[in-house]
Amino acid sequence: MKGHKEDTILAWLRDAAEHAAALEAELLARYRIERGQLDSLWAYVGNKKGYPETAESGQFWRATLIDMDTRLRVARGIAKQPVSRCLKR
């Protein structure tokens, strides 16, 4: 619509995403929380029950750690196993 190619816009978006990730890593490197809330979500990605699990498809768990005082999302992750199995006791 504005005369820019899709490839150009995708390159801008990739650059912006890389910059945002680097900035987030720098800002959260020394961030400390006193109270956190861990939320998780279980979902199927790319196939349905009954199909073999692969590294790219099957059941996944998404977890987010939120600072309860500021509501800032301080960590997130995706794994093939439940969040409770990833935490150290």
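Coordinate-derived values only; no laboratory data. No experiment lies behind these values; they were computed from the predicted model shown.
Across q = 0.16, 0.20, 0.22, 0.25 Å⁻¹, the chain modelled as identical point scatterers on its alpha-carbon atoms has Debye log10 I(q)/I(0) values of -0.90, -1.02, -1.06, -1.15, in the order of the q list.
Extension gain for Glu56-Asp15 works out to 12.3 nm (0.36 nm per residue, less the C-alpha to C-alpha distance).
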